[in-house]
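J.: If you scroll down you'll find the structure; I have some questions about it.
The values are calculated or read from the model by the stated rules, or taken from the named source; none is laboratory data. All figures in this text were calculated on a predicted structure; none of them were measured in a lab. Note that each Cβ is placed from the backbone with ideal geometry, even for glycine, and that neighbours are counted across all protein chains shown. We work out accessible area using only protein heavy atoms, side chains counted, and drop any ligands, DNA or RNA first. Shrake-Rupley method; radii C 1.70, N 1.55, O 1.52, S 1.80 Å.
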Amino acid sequence: MVLPLVETVADPSPAREIDYCRALEEGRILFFPGSPFELPEAERAVLLAQRQSGAGYHKNIAYRPAQDRVTGFARGTSADAERLRGALRLYSRRATEFAAWLLPRYARSWRVDLASFRPEEEEGRELPRRSRNDLLHVDAFPTRPTRGDRILRLFTNVNPAEARVWLTGGTFEQIAPRFAPPALVERARRDGLADRLRRLARWAGLDVSVRSPYDRFMLSFHHHLKESAEFQRSVEKRQVEFPAGSTWMVFTDMVSHAVLRGRYALEQTFLVARATLVLPDKAPIAILERIAQGPMS
Ligand code: SIN
Ligand code: FE
């Protein structure tokens, strides 16, 4: 069963906050038809003028709020780079302020992760299979393990005319028991060579994060879902359209999704602490621990 979108207007009262958290943690998409925060015309124009460098190499343009740095864009003049940075900084701030105003419970201890800008047309994009976003998957970050914390993403379609079109399939709770091969779970519980090296590097004082069994599973499950023709074909799915100017929020580590069409989307990621969840039993790590019958953190 694919859960429906929850269309709503932003209301920051505490009673509504619990409803929003519950809807998100059940695997629904919170959808705001008119964007609940402003991105001024000048910044919008900068974004719509962007082209991306060597498409295929960098999938998206990324913005790191903590360092105020942009990566993955076509180098123009330094004035262009500065304008792009300014636009992404403003989006990242406004998106974060809005999400923190709506969901203070999460904001108290979340980590504000990267923002991204997706200027390329998604339809017909040629990317390596594991990077393709037109195949249904749940998100997992290769370089930023979460150890069971959650990936919450806020998207805004800044395209002036066209919708961004997604497919959504089942939630982690629905697809993991059916599509996760037991060998994948088993392998994730063993420390691989790469993980031992990471631990050693960390011990030597390098700034790398160590993956937990949960992170190893989520990364291999992400690859497995994109590579499984059987999953792509047989999972129940629904097409969702996000019109020009709309904003939506979703836990992408739990709701399987793919983008079919559209260009010019902005996105801000938050890593939500497991301890702040309203429905911790619905978190992918809890579901996985039930399947594995043992700890995965
Ligand atoms: C994704 O997270 O897989 C892509 C979503 C999008 O760019 O709309
Ligand atoms: Fe994704």
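J.: Compute a Gaussian network model of the chain, connecting alpha carbons closer than 10 Å, and tell me which residue from Gly148, Gly34, Gly245 fluctuates the most.
T.: So, out of Gly148, Gly34, Gly245, the one fluctuating most is Gly34.
J.: Also, I was wondering about something else. When we measure straight from the Cα of Lys59, which lysines land under 23 angstrom away, once same-chain ones fewer than 8 places off are left out?
T.: Filter leaves Lys226.
J.: Okay, next question. How large are Rg and Dmax for the range 5-292 when calculated on the C-alpha trace, in angstrom?
T.: 18.7, 53
J.: Of all the accessible heavy-atom surface of the range 168-288, with the other protein chains kept in place and a 1.4 Å probe, what percent is carbon and sulfur?
T.: 55 percent
J.: With +1 on each Lys and Arg Cβ and -1 on each Asp and Glu Cβ, and nothing else charged, work out how big the dipole of the chain is about its Cα centre, in Debye to the nearest 20.
T.: Charge dipole of the chain: 980 debye, to the nearest 20.
J.: In terms of the Cα gyration tensor, with a ≥ b ≥ c the square roots of its eigenvalues, is the range 82-232 rounded because a/c is under 1.5, prolate because a/b exceeds b/c, or oblate?
T.: oblate
J.: Could you check which residue among Leu219, Leu193, Leu167 shows the biggest mean-square fluctuation in a GNM of the chain with a 10 Å Cα cutoff?
T.: With Cα springs under 10 Å in the chain, the top fluctuation among Leu219, Leu193, Leu167 is at Leu193.
J.: Something else about it: Place +1 on the Cβ of every Lys and Arg and -1 on the Cβ of every Asp and Glu in the chain, take the dipole about the Cα centre, and give the residue among Ser35, Met254, Ala49 whose Cα lies farthest towards its positive end.
T.: The Cα lying farthest towards the positive end belongs to Met254.
J.: Whole number in Å², please: accessible area per residue of the chain, 1.4 Å probe, ligands, DNA and RNA not counted.
T.: 45 Å²
J.: If you build the Cα gyration tensor of the range 86-166 and take the root of 5 times each eigenvalue, what three semi-axes come out, in whole angstrom, biggest first? The partial results should precede the final answer.
T.: Working: eigenvalues 119, 74, 26 Å².
Semi-axes from the Cα gyration tensor: 24, 19, 11 Å.
J.: Rounded to the nearest 0.05, what FRET efficiency do Ala66 and Glu41 give with R0 = 35 Å and r taken as the Cβ-Cβ distance? Could you check?
T.: Working from the Cβ atoms, E equals 0.80.
J.: Next question, about the same structure. Show that you can apply the helix-only estimate: for the chain, add -39,500 (n - 2.57) for every DSSP H stretch of four or more residues, divide by all residues, and state [θ] at 222 nm to the nearest 500. Intermediate values should be presented prior to the final figure.
T.: Details: 10 runs with 106 residues, N = 297.
Counting only the DSSP helices, I get -10500 deg cm²/dmol.
J.: Specify the inter-centroid distance of the range 225-297 and the range 15-46, based on alpha-carbon positions, in whole Å.
T.: 16 Å
J.: Right, here's the next one. What accessible area, in Å² to the nearest ten, does a 1.4 Å probe give for Arg202?
T.: Its accessible surface works out to 120 Å², give or take rounding.
J.: Same structure, new question: Please determine, in degrees from 0 to 90 and to the nearest 10, the orientation of helix 14-26 with respect to the longest principal axis defined by the Cα atoms of the chain, where the helix direction is its Cα long axis.
T.: With rounding to tens, the tilt is 60 degrees.
J.: Here's a follow-up. Work out the FRET efficiency for Thr143 and Ala100 from their Cβ-Cβ distance, taking R0 = 35 Å, and round it to the nearest 0.05.
T.: Working: r = 25 Å, r/R0 = 0.71.
In this case the efficiency is close to 0.90.
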